[in-house]
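The values are calculated or read from the model by the stated rules, or taken from the named source; none is laboratory data. Being a predicted model, the structure only gives us computed values, none of them experimental. Because the Cβ atoms are built from the backbone with ideal geometry, glycine has one as well, and the counts that use them run over all protein chains shown. Calculation scope for accessible area: heavy atoms of the full protein, side chains included, ligands and nucleic acids excluded. Shrake-Rupley method; radii C 1.70, N 1.55, O 1.52, S 1.80 Å.
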Amino acid sequence: MTEPLQHADHLLRAEGLECERDGRTLFSDLSFSIVPGTLTRVEGPNGSGKTTLLRILAGLNDNWSGQVYWCGQPRQKHWDLVRRNVLYLGHRPGIKMLLTPLENLQALVAGRQQVPGRVLGQALEQVGIGPWSHVPCGQLSAGQKRRVALARLLFADEPVWLLDEAFTALDVDAVAAVERLLEDRVRQGGAVVMTTHHEPAMQGMRRIRLGGAGEQGPVTRAVGEVD
Amino acid sequence: MGQQQSLSITVLDPVTTSPGLFQSMVAVLQRDLRLSIRQKQDLLNPLLFFVMVVALFPLGVSPESEFLKEAGAGILWVGALLATLLSLDHLFRFDYEDGTLEQMALQPQPLFVLVLAKTLAHWLATGLPLVILTPMLGMMLFLDGNSVAILCLTLLIGTPVLSLIGSVGAALTVGLRAGGVLLSLLVIPLYIPVLIFGTGTVMAAAGGSDVSGHLALMAAMLMLAVILAPLAAAAALKISLSAS
């Protein structure tokens, strides 16, 4: 284990990011920092590159230029460190229809964290999947599957969370519960970057705005907004 | 909150805080085998296909024992090869579609290690059952006991090579909607050397010569494939993921 994080540390820093897709510039000259204890919302209309940006930060997408730093060092020198410290939950979260929620969670965290089965069971109870924890996920509703995927957040220890459309298919109560969870996480010093179409009721949120490229050319701004 | 206040969250060291290589491989293997057992038709289809392809030759060419004795090893090898090919498209496709592959690519362990575990699971679910079925089909084709034993041995060494080479093709085509046909076109040429040595070994044994050299060459192919194929497949998967 290394030193506890300070508020001033830059976990991830992007400089001059530029990404093109199908001959269209999604964003260019995009620079921002992800620091501990902040929640950043990536905003923009459909097709503006929100998911692409998160995938670039996670290290899944290679079709971009610019530089990404991890704790001040170029990221490509520290891939194992970055992979261990950044949790990415895409809108396809890796839930197998033939496995039960418990087996799914086990398989998903097996390579990242040593989590006792008891903790996994408790996490499923907490997201309200307890009674279904031994039913194949194919028989659950879309919202319940999303809950299974989000149950990981209850014990995830990565300092950076990248969440793509985490609220999809969740009911009002579940959305509120996830928001509370993220707020707690940020208070403890975690950094959360998320895309969502629903406006979260959270304080001190930072924003990265990606513009629709159609009308006025690519407009990209990283705004360090408080509120 | 003050600027200098320490936080309770720390940067994690991947070596001490995440499970080891072996443990993560076992987890992948366990998940894939569990999925194979629950998806029974995926387990049975290649086997039925194998039996049917083999049954076509006596019906379509000649039921004479002379012909079958001579062609039996080749027929069984081609059958096993096509059955493996049939199952390859599923190797990464479901994982790609439901996001499992993304999560695997983001694990702290190198991706090729996990790909090796996946390929092993694929072989255990398709290649090994084919080998187990072979003695029965061999007798159906009038092969003698010695030939059947050598044939099983060559398939035991050869089918993992088929799974490993196939994993590279499957990784390259996983992002394509109609990848199945392209996958066959990519992989079949690479299967030819394995096929030649596999059937050649059985022929040589039937001709009464020593086959230890043949078997050693096949084992060398297997070693080469174990080392190189997962690396190539992992690189291909990263390209496929990056384009999605």
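Numbers below:
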quantity	calculated
Carbon and sulfur %, accessible surface of the protein assembly as shown computed with the full protein complex present, 1.4 Å	61
Dipole in debye (nearest 20) - chain B, about Cα centre, beta carbon charges: Lys, Arg +1; Asp, Glu -1	400
Residue-averaged [θ]222 nm for chain B, counting only DSSP H segments that reach four residues, each worth -39500 (n - 2.57)	-27000 deg cm²/dmol
Unit charges at the beta carbon, dipole of region B:21-242: most positive-side option, B:LEU130, B:VAL174, B:THR159	B:VAL174
Degrees, to the nearest 10: B:111-122 long Cα axis against longest axis of chain B	40
Rough spin-label spacing in nm, given labels placed 7 Å along Cα→Cβ, for B:VAL15 and A:GLN67	2.7
Residue-count net charge about A:ALA174 - beta-carbon cut-off 11 Å; Lys, Arg +1, Asp, Glu -1	0
Debye intensity ratio I(q)/I(0), log10, chain B, q values 0.10, 0.14, 0.17 Å⁻¹ (C-alpha model)	-0.53, -0.92, -1.22
Segment A:ARG187-A:GLN122, extension gain: residue separation times 0.36 nm, minus the distance between their alpha carbons	21.1 nm
Given charges at Cβ of Lys, Arg, Asp, Glu: chain B dipole, positive-most of B:LEU47, B:LEU106, B:HIS214	B:LEU106
Cα convex hull volume per residue for region B:65-173 (Å³)	89
Normalised contact order of chain A, rounded percent, pairs of Cα under 8 Å and 6 or more residues apart	29
Percent of Cα-Cα distances greater than 26 Å, calculated over chain A	38
Rh by Kirkwood over Cα pairs, then Stokes-Einstein D for region A:58-162 at 1.306 mPa s and 10 °C, µm²/s	106
Helical contribution to [θ] at 222 nm, DSSP H n ≥ 4, -39,500 (n - 2.57), averaged over chain A, rounded to 500	-8000 deg cm²/dmol
Charged-residue dipole, Cβ positions (Lys, Arg, Asp, Glu), the protein assembly as shown about Cα centre, Debye nearest 20	380
Chain B, relative contact order in percent, only Cα pairs under 8 angstrom and at least six apart counted	24
Compactness index (Cα Rg / 2.2 N^0.38 Å), the protein assembly as shown	1.14
Members of A:LYS145/B:LYS238; A:LYS50/B:LYS238; A:LYS77/B:LYS118; A:LYS77/B:LYS238 lying beyond 22 Å, as alpha-carbon distances in this model show	A:LYS145/B:LYS238; A:LYS77/B:LYS118
Extreme residue, positive dipole direction of region B:21-242, given options B:GLY74, B:ILE196, B:LEU185 (C-beta unit charges)	B:LEU185
Kyte-Doolittle mean at least -0.5 and Cα axial length at least 27 Å: DSSP H helices in chain A	none
Region A:140-156 versus region A:64-91: alpha-carbon centroid distance in Å	25
Distance histogram for region B:134-224 (every C-alpha pair counted, 5 angstrom bins, percent rounded to whole numbers)	3, 14, 22, 18, 15, 13, 9, 5, 2, 0
Only Lys, Arg (+1) and Asp, Glu (-1) charged, at Cβ; chain A dipole about Cα centre in debye	440
Theoretical FRET efficiency, 1/(1+(r/R0)^6), r = Cβ-Cβ of A:GLN139 and B:LEU182, R0 30 Å, to 0.05	0.30
Pair B:PHE22, B:LEU82: separation of 7 Å Cα→Cβ label points (nm)	4.2
